[in-house]
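Student: Pasting a structure here, questions to come.
The values are calculated or read from the model by the stated rules, or taken from the named source; none is laboratory data. Note that the coordinates shown come from a computational prediction; the quantities given were computed from them, not determined experimentally. Cβ: placed from backbone, ideal geometry, glycine included. Neighbour counts: every protein chain shown. Surface areas here come from the heavy atoms of the whole protein model, side chains and all, with no ligands, DNA or RNA. Shrake-Rupley method; radii C 1.70, N 1.55, O 1.52, S 1.80 Å.
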Amino acid sequence: MPKAKANGIEIEYDCFGNNEAEAVLLISGLGTQMTRWSETFCRILAEQGYRVIRFDNRDAGLSTHFDSASMPDLAAIADAVSRGETPNVPYTLFDMANDAVGLLDSLMIKRAHVVGRSMGGMIAQLLASEHAERVLSLVSIMSSTGNRDLPQASPAVMAAMTSPAPHPLKDEQGYLTHCVAFSQVIAGRGYSFDESAQRDQALAEVKRAYNPSGFWRHIAAIAATGDLRSRLANISAPTLVLHGSDDPLVPRKRGRTRRPILKEPNYSSSREWATIFHPRCLGLWPESSQITHATCSTL
């Protein structure tokens, strides 16, 4: 896959569809690689007449890793934010939004439909608020504004997310078991859990790239960026908010809070949309791509 030099880093990316078509930029979530946007889904969306771009965020996949940075002190970051101070972090979500803009520049794309999931939804919101002239439409999936007063994930879910996994080179089966167990915790109940598919995904990802410290730096970036609500009023692009009613990691209220702030957003909630996209929701049903296509077609 190609790499682009943008915003001072290298960004691994992949494209599908006609280069002359309107672009759809897919932004990945916390600690995850661009391959979570499956090739099947990307190709189905491209068949709707779009140029589809997926990419690895900084500190994930095959994009630049910030290995020289120390592990973040999340307690110190939270204390600094609570005092209104700027915490010491390698980067924030603003930098990651600028990465996305830099990738568009590298590909000579003036404007794109922007779709983000989880942390990627927060990056997408910043891209749409800080670079409004670059965004044709916005889709924010299972994401939030960073408002700390909203309901949080349960302690059990947070413990599953933050517990250390065995090193895959020392204990591959233990690592895969850990990944599958966390996936099951956040999967929701809309569909039966496919343990084999989750195991295959975890194995493919760890063979492609392994950067566990990047996960923690992503969390630090979210914490340091803080509450995005003051920025949302700047978003003028047609916007769709998608959130699962049964999302264990990002409770539904964290998605709904954007409705009174955004200018005439559309909001959709479904049991099927949880923090894990079941294959039937993303990638295997041609109809699944219509969710993004419908918003991209509003202009």
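Student: Any idea which of 139, 185, 164 is furthest toward the positive side of the dipole for the stretch 105-228, if Lys and Arg beta-carbons carry +1 and Asp and Glu beta-carbons -1?
Tutor: So the residue furthest toward the plus end is 139.
Student: Amide H of residue 59: which non-local residues (sequence gap of 5 or more, or other chain) have their own amide H closer than 5 Å, using H built in the peptide plane?
Tutor: It is 64, 65, 66, by chain and number.
Student: Hey, another quick one. With a 1.4 Å probe and all protein chains left in place, how much of the accessible area of the stretch 1-124 comes from carbon and sulfur atoms, in whole percent? Let's see the in-between values first.
Tutor: On the way: 2300 of 5130 Å².
Carbon and sulfur together cover 45 percent of it.
Student: Counting heavy atoms of the protein chains only and a 1.4 Å probe, report the per residue accessible area for the stretch 57-168 as a whole number of Å². Before the final figure, lay out the partial values.
Tutor: Values: 4560 Å² over 112 residues.
The answer is 41 Å² per residue.
Student: Taking the Cα centre of the stretch 20-89 as origin and charging only Cβ (+1 Lys, Arg; -1 Asp, Glu), how large is the dipole, in debye to the nearest 20? Show your work: numbers first, answer last.
Tutor: Details: 6 positive and 10 negative charges, 30 e Å.
Roughly 140 debye for the stretch 20-89.
Student: Show the residues, 5+ positions off or on another chain, whose built amide H is closer than 5 Å to the amide H of residue 114.
Tutor: Under 5 Å from the amide H of residue 114: 25, 136, 137, 138, 139.
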